[in-house]
Amino acid sequence: MDRVIMSVRSLVKIYQMGDVEVHALRGVNTEIMKDDFVAIMGKSGSGKSTFMNILGCLDIPTRGQYLLDGVDVGSLPKDQLAALRNHKIGFVFQSFNLLPRTSALENVELPLMYNRKISSKEMRERSLRALEAVGLAGRAHHFPNQLSGGEQQRVAIARSLVNDPVVILADEPTGNLDTRTSLEVMGIFQKLNMQGITVVIVTHEADIAAFTKRNITFRDGRIIRAVDVHKPRNAEEELKNLPAITEEDDE
């Protein structure tokens with residue numbers, strides 16, 4: 001039976017900009033289930049980024065309720081909120097957010113450093129497993145400047161996995177990537193989702209949203225459309241059919 005991982009009710013977010021109130025969210029209601037793969041869409045200013053920040057416990061609503069894996073987020077003090085965020089949510093960002101002078105393995109280990117119950121050995125083993133899950137076991141000791149953009153995003157995905165989160169939140173994860181690398185990244189998300197990991201991505205690209213199971217579209221702080229994707233595109237199959245890059249293409 002499906003289990004609700006994220007539930008929002010009458011969610012409102014108002015920012016005070018001097019004497020002006022900006023209504024970023026206007027009474028949003030939705031649920032995200034275990035094993036779901038959701039794309040949050042909408043134009044700039046639609047409220048999708050504010051909604052994602054609240055889902056990730058990076059911001060708090062002005063009014064309304066948000067339950068994360070059954071926990072009422074609004075009732076938590078800051079330290080408990082930070083602990084919940086670290087253990088329940090894995091983040092992937094468009095800009096990768098990797099430490100440049102730190103190896104891929106050490107970047108993946110970062111979220112575990114807040115957990116005093118984990119030994120250095122277990123930290124290393126869990127991080128290596130996460131890199132293996134994204135196909136980068138052989139690049140563990142490379143630094144970000146020794147990795148391609150796609151490989152850096154894979155490291156970021158591995159980092160999001162290392163704490164065994166209930167959900168991965170990805171903000172424009174293919175925004176800086178070419179077509180082939182975008183397919184590779186979406187293929188990883190699809191595999192992770194098939195393994196039971198809930199994935200929520202923000203994207204403005206309809207082509208990317210077509211790889212997910214459900215699309216939620218925002219406009220003016222409200223959800224205007226929420227639809228199932230009946231036949232999601234298969235990233236692995238599309239990669240196989242993508243024309244090979246030749247030397248002439250690079251010139």
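Computed quantities for the displayed model
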| read-out | value |
| --- | --- |
| For Val71: the one exception among (1) without any contact (Cβ under 8 Å) to a residue 60 or more places away in the chain; (2) closer than 30 Å to Leu147 by Cβ | (2) |
| Positions within the range 10-22 being at pLDDT below 95 and either outside any loop (DSSP other than H, G, I, E, B) or among the hydrophobic types (A, V, I, L, M, F, W, C) (or both), in sequence order | Tyr15, Gln16, Met17, Val20, Glu21, Val22 |
| In the range 166-213, residue modelled with the lowest pLDDT [restricted to those that are small (Gly, Ala, Ser) and under 22 Å from Arg85 (Cβ atoms)] | Gly196 |
| Those residues of the range 201-222 which are of a type outside the set (S, T, N, Q) and farther than 18 Å from Ile54 by Cβ, in sequence order | His204, Glu205, Ala206, Asp207, Ile208, Ala209, Ala210, Phe211, Lys213, Arg214 |
| Meets criteria (of a type in the set (Phe, Trp, Tyr), within 18 Å of Asp164 (Cα to Cα), touching a residue at least 60 places away in the same chain (Cβ under 8 Å) and surrounded by 13 or more Cβ atoms within 10 Å (Cβ to Cβ)) for Phe91 | yes |
| Some residue of the range 92-107 being closer than 27 Å to Gly27 by Cα and not β-branched (Val, Ile, Thr) | yes |
| Candidates Ile157, Ile168, Ile118, filtered to the one that is of a type in the set (Val, Ile, Thr) and free of Cβ contacts under 8 Å to residues at least 24 places away in the same chain | Ile118 |
| Some residue of the range 140-157 being of a type in the set (A, V, I, L, M), farther than 23 Å from Thr174 by Cβ and modelled with pLDDT under 90 | no |
| Close pairs (6 angstrom Cβ cut-off, 6 or more residues apart or separate chains): surrounded by fewer than 18 Cβ atoms within 10 Å (Cβ to Cβ) in the range 198-220, of a type in the set (A, V, I, L, M) and part of a loop (DSSP other than H, G, I, E, B) anywhere | Lys213/Val229 |
| Yes/no for Lys78 being basic (Lys, Arg) and surrounded by 14 or more Cβ atoms within 10 Å (Cβ to Cβ) | no |
| Options Ala235, Ala170, Ala158: the member that is closer than 28 Å to His142 by Cβ, among the aliphatic types (A, V, I, L, M), more than 16 Å from the chain's Cα centre (by Cα) and buried (at least 17 other Cβ atoms within 10 Å of the Cβ) | Ala235 |
| The range 138-165, residues that are hydrophobic (A, V, I, L, M, F, W, C), out of contact with any helix residue (DSSP H, G or I) (no Cβ under 7 Å at 6 or more places or on another chain) and outside any helix (DSSP H, G or I) | Phe143 |
| Residue within the range 35-48 that is farther than 22 Å from Met186 by Cα, surrounded by 15 or more Cβ atoms within 10 Å (Cβ to Cβ) and touching a residue at least 12 places away in the same chain (Cβ under 8 Å) present | yes |
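The values are calculated or read from the model by the stated rules, or taken from the named source; none is laboratory data. Keep in mind the model is a prediction, meaning the values are calculated, not measured. When we count neighbours, we look across all protein chains shown, and the Cβ atoms used for this are built from the backbone with ideal geometry, even at glycine.
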